[in-house]
Amino acid sequence: MNAKQKVIIDCDPGIDDALALMLALSSPELDVLGITVVCGNVPAKTGVENALRILKWMGRLDIPVYSGETKPLERPYEDATETHGGTGLGNLRYPTVTEVRPREGAVEFLASSLSEAAKTGDLISIIAIGPMTNLARLAELHPECFAGLNRLVSMGGNYHSHGNCSPVAEYNYWCDPHAARAVFEAFETLPALAEKEIQMIGLDVTRQIVLTPNLRDYLCRLNPWIGALVRDMTDFYMDFHWQQEGLIGCVINDPLAVAYFLDPDLCRGFSAYTTVETEGLCIGQSVVDAEHFWKKAPNCHILTEADPLGFMVLFFSRLLKKDPLELRPMLARLMGGIVK
Ligand code: BDR
Ligand code: CA
């Protein structure tokens, strides 16, 4: 059997972060070394409590949770509680976890884990599903530790799809554009990252991943306990999507980053030099030089096409611990596909 893949999940939970964590924690091929939290959807002090709640549901309080940066590098902090609810988990009310408490020092945890990985050669991947402030600090303070990095999958940005915070900008990059730019620049300039590219799961692909009420009902039928957690969190998210976009259902961005990490065949894209605008009207926009105007080496792999049914089969089968082949026909039917 292959060894498990070591990952650290950098997040801002967040409804879709919660779903992403649930997927990661249900996936036996992952060894989740820790969860680092950054300010984003909710302040970091709220995010760490939510991360612990999710670990408790999943019976994984052995995984440490680290609190990270509490404000963006330069911009005033703006949360996304209008999207995720005041607690960050929609309408879900779940008690504070007291058995274990969050630790301080997300950036130091990332640095020491990656530095150790660089020494042993047992590399670690990062799945980043919040603003990139922790990672930018890591690049600033401990650039050498990136020798221990395997993959960086980043949920953020957009290529042809419109923004969700402005006509052109996606929330994670918009919330801290200087951090996002710094991380993209690290993949341009740091020798340890010369051969690597950020794997950008942006809105082009995540908008294809819609949890509809039908799909959610199916989840509830198959497992009322998990179904209720997902329903209680996503009710608020579905209301937001209806009011904001006229969508019946909700776009679940962050779980696609985990799913793509697990199965790279779920998305397709191309490589190009990419940076992030830090000022003006287009602040936070990911700028992808697909036409190679700037003659710079690619630092990013931009995912543009997704397999929504493949994603849902993976997501449901992992959360429910069921055979994907058993779930596929009903999921295809509920997603409007042809049942073969
Ligand atoms: C991203 O922003 C956050 O609100 C979500 O959790 C996701 O990471 C989508 O733009
Ligand atoms: Ca997030």
Report summary line: Note on the range 139-162: residues more than 16 Å from ligand 1 (Cβ to nearest atom), more than 18 Å from the chain's Cα centre (by Cα) and either not in a helix (DSSP H, G or I) or not acidic (Asp, Glu) (or both) are Ala139, Leu141, His142, Pro143, Cys145, Phe146, Ala147, Gly148
Query raised in the report: Could you list, in sequence order, the residues of the range 1-27 that are touching a helix residue (DSSP H, G or I) at 6+ places or on another chain (Cβ under 8 Å), more than 14 Å from ligand 1 (Cβ to nearest atom) and more than 22 Å from Leu149 (Cα to Cα)?
Result: Ser26
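When residues of the range 4-40 are filtered for being of a type in the set (Ser, Thr, Tyr) and away from ligand 2 (no atom under 16 Å from the Cβ), how many remain?
Matching residues across the range 4-40 total 2.
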Report summary line: Within the range 243-267, of all residues that are open to solvent by less than 50 Å² (accessible area, probe 1.4 Å), in a helix (DSSP H, G or I) and away from ligand 1 (no atom under 12 Å from the Cβ), the one nearest to Glu195 (Cα to Cα) is Phe261
Report task. Return yes or no: is Gln208 under 24 Å from Ala80 (Cα atoms), within 19 Å of the chain's Cα centre (by Cα) and open to solvent by 60 Å² or more (accessible area, probe 1.4 Å)? Result -> yes
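Yes/no matrix, rows are residues, columns are (1) part of a loop (DSSP other than H, G, I, E, B); (2) away from ligand 1 (no atom under 15 Å from the Cβ); (3) open to solvent by 10 Å² or more (accessible area, probe 1.4 Å):
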residue	(1), (2), (3)
Asn164	yes, no, yes
Ala169	yes, no, no
Ala180	no, no, no
Glu185	no, yes, yes
Ala192	no, yes, yes
Asp204	no, no, yes
Asn214	no, yes, yes
**Report entry** Where a residue in the range 300-317 is of a type in the set (Gly, Ala, Ser) and its partner, wherever it lies, is crowded, with 18+ Cβ neighbours inside 10 Å, with Cβ under 6 Å and at least six apart
**Finding:** Ala306/Val205; Ala306/Cys267; Gly310/Leu266; Ser317/Leu327
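Taking the options Phe270, Phe240, name whichever one is open to solvent by 50 Å² or more (accessible area, probe 1.4 Å) and in contact with a strand residue (DSSP E or B) (Cβ under 9 Å, 6 or more places away or on another chain). Break it down into steps so the answer makes sense when it comes.
Working: Phe240 fails: open to solvent by 50 Å² or more (accessible area, probe 1.4 Å).
On inspection, the qualifying residue turns out to be Phe270.
The values are calculated or read from the model by the stated rules, or taken from the named source; none is laboratory data. Everything numeric in this text was worked out from a predicted model, so none of it was measured. Glycine also receives a Cβ, built like all others from the backbone with ideal geometry; neighbour counts cover every protein chain displayed. Heavy atoms of the whole protein, side chains included, go into the accessibility calculation; ligands, DNA and RNA do not. Shrake-Rupley method; radii C 1.70, N 1.55, O 1.52, S 1.80 Å.
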